[in-house]
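Below: one structure, written as structure tokens.
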Amino acid sequence: MGERAQYVVVEGGSWQRYYSHWGANRVIGDLLAGPAAATRCFRANRETDEWLDDVWCEGAALVDHDRRVLLWFAFADSWADHVAARAVLARTWPGWDVRLAHDGMGDLTHHLGLGRDLTRVPGWLETFEPSWYADAECTEPWSVVSLRLPDGSVRAWGSTRETIDHLTVGLGLIDLLVASPPTPAPAEMPYGGVHFDPQARTVSLWAVETVAGMHDWPLPGWENWRLDFHGEDHTQQAGLLPADFAFPRTPITPALRSLADGIATPPPDNVEFLARATAVPGPENTVPAVAPAALVPHGPADPTPAELAALRTALEALIAGADIGG
């Protein structure tokens, strides 16, 4: 139980890890005010000598002051929320190389020169038998899968699976897609997409979420295929989709306004909630058990007035530009 987050701060040739049991949903918010504010925030949490793995870590950030690199991953409520946060970070982290850590904890440990498998046991990325389900009612897919057919045309489907899941079922997925009925065109932007081109033996992938394991390519079942990774850029797949299955035009103004509204919103007090919950007797007088770390609140250090003013200015400029752009 929790929203576990790990932070790494690199400065002066050394690095230190920090841990928050409730910080994962605050990672993006804690980054928005810039590198100085984010560093103070992360250092306000508990120092640790341990690493979280890809299963337990739900959000993370690495702030490298020496190389001016920011790596982070955290769940965003939508594609628009991710793009809005990205736009703000581009303004509040000027001169920094800001990257989504697509490989999860692997990107963080790799940046530190520790390899990608430090927190991973052999066989950690599970593979499965080929499977596919076409949801005829899904208009808000998690991901979009497209396939170039032998005649050169392209078909596409919406899927409720995460982007990386389409690569863990092997090459047999393509045969299932060929026989699949259609799904509705997406009404909302997905979190990612995969395009298969059997003639070129190429898999193209983009995502605004983690796709941990992609650096282990080829994954089982994809030997002799090339992976063409496009990061967060969906435009390559957008240019391939059939006209009746286009990505929707999704404005980010509402997401920017939501970020602006959340500047002065404190994080929820999960500790108080848990304290009340553990005070209630369980069934047949059992005693609720709570991990001690769950009773330690996320400890953000508030941005300075100057940092908040700069953040508001960045948001106002982005909102004004988005409104003009329509």
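The values are calculated or read from the model by the stated rules, or taken from the named source; none is laboratory data. Just so you know, these numbers come straight off a predicted model, no measurement behind them. We place every Cβ from the backbone using ideal geometry, glycine too, and count neighbours over all the protein chains shown. Quick note on the areas: whole protein, heavy atoms, side chains included, nothing else; ligands and nucleic acids left out. Shrake-Rupley method; radii C 1.70, N 1.55, O 1.52, S 1.80 Å.
Observations, loosely collected:
- Considering (1) modelled with pLDDT under 95; (2) crowded, with 17+ Cβ neighbours inside 10 Å, the lone condition that residue 158 does not fulfil carries the number (1).
- Considering residues of the stretch 42-81 that are part of a helix (DSSP H, G or I) and touching a strand residue (DSSP E or B) at 6+ places or on another chain (Cβ under 8 Å) only, the residue least open to solvent (accessible area, probe 1.4 Å): 42
- So residue 197, is it free of Cβ contacts under 8 Å to residues at least 12 places away in the same chain and more than 24 Å from residue 85 (Cβ to Cβ): no
- In the stretch 210-232, of all residues being under 25 Å from residue 76 (Cβ atoms) and touching a Gly at 6+ places or on another chain (Cβ under 6 Å), the one that is most open to solvent (accessible area, probe 1.4 Å) corresponds to 210.
- Beta carbons closer than 7 Å, at least 6 apart along the sequence or on distinct chains, pair a first residue in the stretch 55-84 that is free of Cβ contacts under 8 Å to residues at least 40 places away in the same chain and under 17 Å from residue 102 (Cα atoms) with a second that is of a type in the set (Val, Ile, Thr) and open to solvent by less than 10 Å² (accessible area, probe 1.4 Å) for 70/63.
- Count of the stretch 123-153 residues, restricted to those that are in a loop (DSSP other than H, G, I, E, B), touching a Lys or Arg at 6+ places or on another chain (Cβ under 8 Å) and among the aliphatic types (A, V, I, L, M), is 1.
- Of 77, 103, 54, 107, all but one fail to be closer than 24 Å to residue 193 by Cα, modelled with pLDDT under 95 and under 14 Å from the mean Cα position of the chain (by Cα); the exception is 54.
- Residue 203 under 23 Å from residue 246 (Cα atoms), open to solvent by less than 10 Å² (accessible area, probe 1.4 Å), modelled with pLDDT of 95 or more and in contact with a Lys or Arg (Cβ under 8 Å, 6 or more places away or on another chain): yes
- Boolean, residue 240 is surrounded by 12 or more Cβ atoms within 10 Å (Cβ to Cβ), at pLDDT 95 or above and out of contact with any Leu (no Cβ under 9 Å at 6 or more places or on another chain): yes
- Filter result for residue 175 (more than 30 Å from residue 98 (Cβ to Cβ) and open to solvent by 20 Å² or more (accessible area, probe 1.4 Å)): yes
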